[in-house]
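**Q** Here you go, one structure.
Nothing in this text is a laboratory measurement; each read-out follows from the coordinates by a stated rule. Owing to the predicted nature of the structure, the values given are computational and were not obtained by experimental measurement. Cβ coordinates were reconstructed from backbone atoms using ideal geometry, including for glycine residues, and neighbour counts include every protein chain displayed.
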Amino acid sequence: MSTAYAVARGESVLFADLPSGLYIGGEWVKPADGGQIDIIDPRTGETVGTAPAAGTADIDRAVAAGSQAFRTWSRTAPAERARILWRIADLLEQHGETLARLEALDVGMPMDLARELTAPRAADTFRYYAGWCGKIEGNTTQTSLPDVHAYTRREPYGVCAQIVPWNAPLKMAAWKIAPCLATGNVSVLKPAEDTNLTALFLSRIMAEAGVPPGVVNIVPGYGAVAGAALAAHPGVAKIAFTGSVGTGKTIAQAALGNLKKVTLELGGKSANVVFADADLDRAVAGSASAIFLHGGQVCVAASRLYVERSIYPEFMARLVELAKKIVIGREAKGFADLGPMVSERHMRRVIGMIETGVSEGATVLTGGERHGDEGFYVRPTILADAAQDSTVVREEIFGPVVVATPFDGFEDALRMANDSIYGLGASVWTRDLSKAHHFAAEVQSGMVWINSHGILDPHLPFGGYRQSGWGREFGKESIDAYTQMKTVVTQLDPCPIAS
Ligand code: NAD
């Protein structure tokens with residue numbers, strides 16, 4: 001452990017117990033080439049410290065540590081694996097406030113949101129997968145041949161590279177590590193370069209929980225260096241990636257070398273469809289939170305809003321009124337308040353997208369600009385009048401920007417909702433149950449929410465249609481994704497009774 005962080009704004013206590021090295025083989029080690037990443041507080045723009053950055057030699061070391069650990073971890077009794085996962089969950093909760101403060105500092109989440117999204121959601125995921133450890137089953141099966149005894153087993157792959165984005169770093173790390181360990185695999189986790197703090201703290205929790213050395217290795221580093229080395233590494237058997245479509249495609253290409261198993265949770269441009277018969281109070285509030293929660297830096301953010309024409313003027317007036325009331329800036333502490341974009345680069349990208357939207361014909365109903373000149377804040381933004389083929393309707397913005405369009409009837413709504421290369425999430429607001437379920441069946445999306453948006457839970461399989469990804473996470477689907485099936489066949493002697 002070390003206290004090697006530069007300290008700003010009284011966060012010395014927060015940083016005091018934070019490991020400062022890469023976590024490889026159960027030890028904290030310095031990057032071989034001394035690599036570092038600046039830690040920037042997006043609420044102020046200040047550099048508050050540095051995190052270690054793994055180079056390719058460190059990745060080799062982490063994969064070797066994982067391979068070594070896999071030999072025993074894959075044979076560890078399921079009940080023991082479950083005990084350890086449960087203990088990780090307990091420790092996450094025990095350190096919940098510290099983890100929330102680290103996430104608020106690193107990502108810029110308002111404190112109440114960080115409290116809710118960080119330790120509790122990560123702990124839920126570890127507990128859910130603790131329950132799976134002893135329930136991974138194969139089958140016995142009949143064959144068309146006489147005296148053949150056959151059964152199947154589900155077995156782990158080995159070293160899994162797990163690469164996560166910056167928007168909910170601890171939660172994403174839990175989504176990856178929990179099913180990986182439950183199934184007897186080992187993890188090399190690479191957090192995003194913009195957000196390493198909770199991942200570093202998690203290495204401490206792994207050690208305290210009794211995770212054997214090398215079973216979880218945590219290697220902060222740059223995508224183009226550490227991420228690329230993992231994606232191409234011949235010692236990695238499976239790669240689980242969450243991030244943008246572009247990086248997902250690069251990773252899929254890199255994985256071809258040794259035909260790694262690949263799961264991809266990618267971007268989205270989720271459609272939020274409000275019919276005229278919806279409960280308007282709920283639909284307006286739900287549509288606001290579907291795009292403005294966490295500044296829209298959410299893979300399922302409902303960034304395309306389609307409202308039935310007869311209620312469009314009233315609905316938009318109410319949504320604009322709500323957007324204007326959102327607390328933004330340094331005062332943002334509440335669950336629904338608006339924190340900053342994660343980095344200056346991302347803030348400039350979001351503002352650039354708004355400007356592109358306007359240049360292509362969109363009208364700004366509210367927002368449309370940076371908030372203040374300290375930190376990386378973008379005002380809640382509602383755009384209207386954008387053509388369906390314009391950039392802001394087609395491309396993921398990943399900021400607090402929604403594009404609203406009126407529609408005429410069920411088919412029109414469905415056509416526009418499905419007119420996207422993405423298919424991660426979709427919502428529909430109506431009091432008509434038949435309409436809601438017909439919409440759910442027809443919309444091309446991995447998740448559909450009815451009279452709600454963005455509910456995610458470890459029990460519920462999650463993933464994307466179209467270019468929003470490959471495979472599913474959560475539920476039993478993750479158990480399948482982290483195991484391969486083996487068929488064992490025995491030729492028996494003829495049965496004594498029959499002969
Ligand atoms: P990103 O693709 O830029 O980076 C994600 C991760 O990939 C980071 O750890 C990064 O370091 C790494 N990376 C970058 N280049 C790499 C390379 N060449 N090889 C290997 N790894 C590399 O995405 P981001 O900007 O960090 O995150 C935002 C994106 O993530 C959005 O598109 C969002 O929709 C998506 N996302 C998806 C989900 C989901 O579950 N579907 C959840 C959260 C975020």
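**Q** Towards the positive end of the charge dipole of region 1-151, with charges on Cβ (+1 Lys, Arg; -1 Asp, Glu), say which of LEU105, ASN139, LEU85 has the farthest Cα.
**A** ASN139
**Q** Using the Kirkwood formula over every pair of different C-alpha atoms, what hydrodynamic radius in Å results for the chain?
**A** Values: mean 1/r = 0.0423 Å⁻¹.
When all Cα pairs of the chain are included, the Kirkwood radius is 23.7 Å.
**Q** Also: Using the beta-carbon distance between LEU259 and GLU46 and R0 = 41 Å, what value does 1/(1 + (r/R0)^6) give for FRET efficiency, to the nearest 0.05? Walk me through the intermediate numbers first.
**A** Details: r = 45 Å, r/R0 = 1.09.
FRET efficiency, LEU259 to GLU46: 0.35.
**Q** OK, next. Using alpha carbons only, what's the Rg to Rh ratio of region 78-135 with Rh from Kirkwood?
**A** Working: Rg = 12.8 Å, Rh = 11.7 Å.
Answer for region 78-135: 1.10.
**Q** Moving on to the next point. So which GluC sites (Glu not before Pro) in region 304-374 end up in coil per DSSP with only 10 or fewer other C-beta atoms within 10 Å?
**A** Numbers: sites: GLU308, GLU314, GLU321, GLU331, GLU344, GLU355, GLU360, GLU369, GLU374; in loops: GLU331, GLU360, GLU369, GLU374.
When the GluC sites (Glu not before Pro) of region 304-374 are filtered for loop state and at most 10 Cβ neighbours within 10 Å, GLU331 remain.
**Q** If you don't mind, another one. Give me the extension gain from LYS249 to GLU344: residue separation times 0.36 nm, minus the current Cα-Cα distance, reported in nm with one decimal. Can you show the working numbers first?
**A** Details: separation 95, 0.36 × 95 = 34.20 nm, distance 2.52 nm.
Result for the pair: 31.7 nm of gain on full extension.
**Q** So if R0 is 56 Å, what FRET efficiency would ASP147 and LEU280 give, r being the distance between their Cβ atoms, rounded to the nearest 0.05?
**A** Details: r = 69 Å, r/R0 = 1.23.
Result of the calculation: an efficiency of 0.25.
**Q** How large are Rg and Dmax for region 271-450 when only the alpha carbon atoms are used, in Å?
**A** Radius of gyration, then largest Cα-Cα span, for region 271-450: 15.4, 49 Å.
**Q** Rounded to the nearest 10 degrees, what's the angle between the helix 197-209 long axis and the longest principal axis of the chain, both from Cα atoms, 0 to 90?
**A** 30
**Q** Then there's this: Where Rh is the Kirkwood radius over the Cα pairs of region 433-482, the temperature 37 °C and the viscosity 0.692 mPa s, what D in µm²/s does Stokes-Einstein return? Before the final figure, lay out each step's value.
**A** Working: Rh = 12.0 Å.
So the translational diffusion coefficient is about 275 µm²/s.
**Q** Further, regarding this structure: In whole angstrom, how far apart do the alpha carbon centroids of region 204-250 and region 32-60 sit?
**A** Going from one Cα centre to the other spans 16 Å.
**Q** Additional query: Quick check: Cα centre of region 129-175 to Cα centre of region 399-416, how many Å?
**A** Cα centroid to Cα centroid, the span is 39 Å.
**Q** Moving to a separate point now. Please compute, for the alpha-carbon atoms of region 374-453, the extent along each of the three principal axes and give them in descending order in Å.
**A** Dimensions of region 374-453 along the principal axes of its Cα atoms: 49, 25, 21 Å.
**Q** Let me ask another. Over region 271-450, what relative contact order in percent results from Cα pairs under 8 Å that are six or more residues apart? Walk me through the numbers on the way to the answer.
**A** On the way: 344 pairs, mean separation 50.4, N = 180.
Rounded, it is 28 percent for region 271-450.
**Q** Among the listed pairs LYS325/LYS476; LYS135/LYS260; LYS269/LYS324, which have their C-alpha atoms separated by more than 30 angstrom in this model? Write out the running numbers ahead of the final one.
**A** Numbers: LYS325/LYS476 41 Å; LYS135/LYS260 25 Å; LYS269/LYS324 23 Å.
With Cα atoms farther than 30 Å apart: LYS325/LYS476.
**Q** Compute and list, largest first, the equivalent-ellipsoid semi-axes of region 1-138 from the alpha carbon gyration tensor, each √(5λ) rounded to a whole angstrom.
**A** Working: eigenvalues 180, 103, 26 Å².
Values for region 1-138, descending: 30, 23, 11 Å.
**Q** Still on this model: Restricting to Cα atoms and excluding each atom paired with itself, what does the Kirkwood estimate give for region 160-205 in Å? If you can, show how the numbers build up before the last one.
**A** Working: mean 1/r = 0.0946 Å⁻¹.
Here the Kirkwood hydrodynamic radius works out to 10.6 Å.
**Q** Moving on to the next point. Kindly provide log₁₀ I(q)/I(0) values, in the same order as q = 0.09, 0.16, 0.20 Å⁻¹, from the Debye equation applied to equal alpha-carbon scatterers of region 220-369.
**A** Debye curve over Cα of region 220-369, log10 I(q)/I(0) at q = 0.09, 0.16, 0.20 Å⁻¹: -0.42, -0.98, -1.25.
**Q** Here's a follow-up. Of the options ALA285, LEU264, VAL327, report the single residue whose Cα projects farthest towards the positive end of the charge dipole of region 247-331 (beta-carbon charges: Lys, Arg +1; Asp, Glu -1).
**A** Checked the options; the winner is LEU264.
**Q** Restricting things to alpha carbons, find the Rg to Rh ratio for region 241-300 using the Kirkwood radius for Rh.
**A** 1.22
**Q** About the Cα centre of the chain, how large is the charge dipole given +1 on each Lys and Arg Cβ and -1 on each Asp and Glu Cβ? Please answer in debye to the nearest 20. Numbers along the way, then the final one.
**A** Details: 46 positive and 54 negative charges, 226 e Å.
With Lys and Arg at +1 and Asp and Glu at -1, about 1080 debye.
**Q** How high is the relative contact order of region 152-302, in percent, counting Cα pairs under 8 Å that sit 6 or more residues apart? It would help to have the intermediate numbers written out before the result.
**A** Values: 223 pairs, mean separation 32.8, N = 151.
Computed over region 152-302, the figure is 22 percent.
**Q** When DSSP assigns beta bridges and you keep just the ones with both residues in region 271-450, what percent turn out antiparallel, to the nearest 5? Kindly include the intermediate steps, with their values, before the conclusion.
**A** On the way: 5 of 27 bridges.
Bridges in region 271-450 are about 20 percent antiparallel.
**Q** May I pose another question? Can you report the principal axis dimensions of region 155-301 using only the alpha carbons, biggest first, rounded to whole angstrom?
**A** 55, 37, 31
**Q** Please give, to one decimal in nm, the separation of the simple spin-label points placed at ASP389 and GLU80, each 7 Å out from Cα toward the Cβ.
**A** Each label point is offset 7 Å from its Cα along the Cβ direction, giving 6.2 nm.
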